[in-house]
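The values are calculated or read from the model by the stated rules, or taken from the named source; none is laboratory data. In this text, all values refer to a predicted model and were calculated from it rather than measured experimentally. Here the Cβ is made from the backbone with ideal geometry for all residues, glycine too, and neighbour counts use every protein chain on show. All accessible areas refer to the heavy atoms of the entire protein, side chains included, with ligands and DNA or RNA removed. Shrake-Rupley method; radii C 1.70, N 1.55, O 1.52, S 1.80 Å.
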Amino acid sequence: MHYYSFNIGDYASHTRHLTAIEDLAYRRLLDLYYLHEQPLNESSTTVARLINMRDYVQEVQAVLEEFFELVDGQGWINGRADEEIAKYHSKLESASRAGRASAERRANASSTTVQPNKKQ
């Protein structure tokens, strides 16, 4: 996903208590999560490196523990992001089906049977 809806009020109400570094880490974690549409690596050191916050592993770990859930064998998941990703894929599939149906209708409408004329 290269785009996701961002509700400023929702975000602010849930993150007002974060330090500036934790807030930056959370935004970058969300961006990484949405971009790759998969759980984040189980290692907070690796995740901190991926979001270019190597010097703030503790802050990244704190944000992961608060806003993500560690699932053994999968990594850090975010339920809200997973819901948004599922909605995105549902809309994408729906639009794709509608596009195929529209193309099929246009193709069927333009293929009319030709009536022979008197010379045939």
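Less than 11 Å Cβ to Cβ from D82, Lys/Arg counted +1 and Asp/Glu -1: what total charge do the surrounding residues give?
For residues surrounding D82, the net value is -2.
Give me the percent of the accessible area of region 13-69 that comes from carbon and sulfur atoms, probe 1.4 Å, all protein chains in place.
Result for region 13-69: 44 percent of the exposed heavy-atom area is carbon or sulfur.
When Lys and Arg each count +1 and Asp and Glu each count -1, what net charge do the other residues less than 13 Å away from Y4, Cβ to Cβ, add up to?
-2
Over the chain, what is the mean sequence separation of C-alpha contacts under 8 Å (at least six apart), divided by residue count, expressed as relative contact order in percent?
23
How much of Y4 can a 1.4 Å solvent probe reach, expressed as accessible area in Å² and rounded to 10?
40
Charges at C-beta only: +1 for Lys and Arg, -1 for Asp and Glu. How large is the resulting dipole of the chain about its Cα centre, in Debye rounded to 20?
Dipole magnitude for the chain comes out near 1480 debye.
Loop only per DSSP, at most 12 neighbouring Cβ atoms within 10 Å: give me the trypsin sites (Lys or Arg not before Pro) in region 1-58, ordered by residue number.
R16
For the chain, what does the helix formula give at 222 nm: sum of -39500 (n - 2.57) over DSSP H segments with n ≥ 4, over the residue count, nearest 500 deg cm²/dmol?
Only helices count here, giving -20500 deg cm²/dmol.
Provide the per residue accessible area, probe 1.4 Å, for the chain, rounded to a whole number of square angstrom.
About 72 Å² of surface per residue is accessible.
How much length would be gained if the chain were fully extended between E83 and H36, taking 0.36 nm per residue of separation minus their Cα-Cα distance, in nm to one decimal?
Contour length minus Cα-Cα distance gives 15.5 nm.
I need the P(r) histogram for the chain: all alpha carbon pairs, bin width 5 Å from 0 out to the longest distance, whole percents.
Spelled out per bin, shortest first, that is 2, 10, 16, 16, 14, 8, 5, 5, 4, 4, 4, 3, 2, 2, 2, 2, 1, 0.
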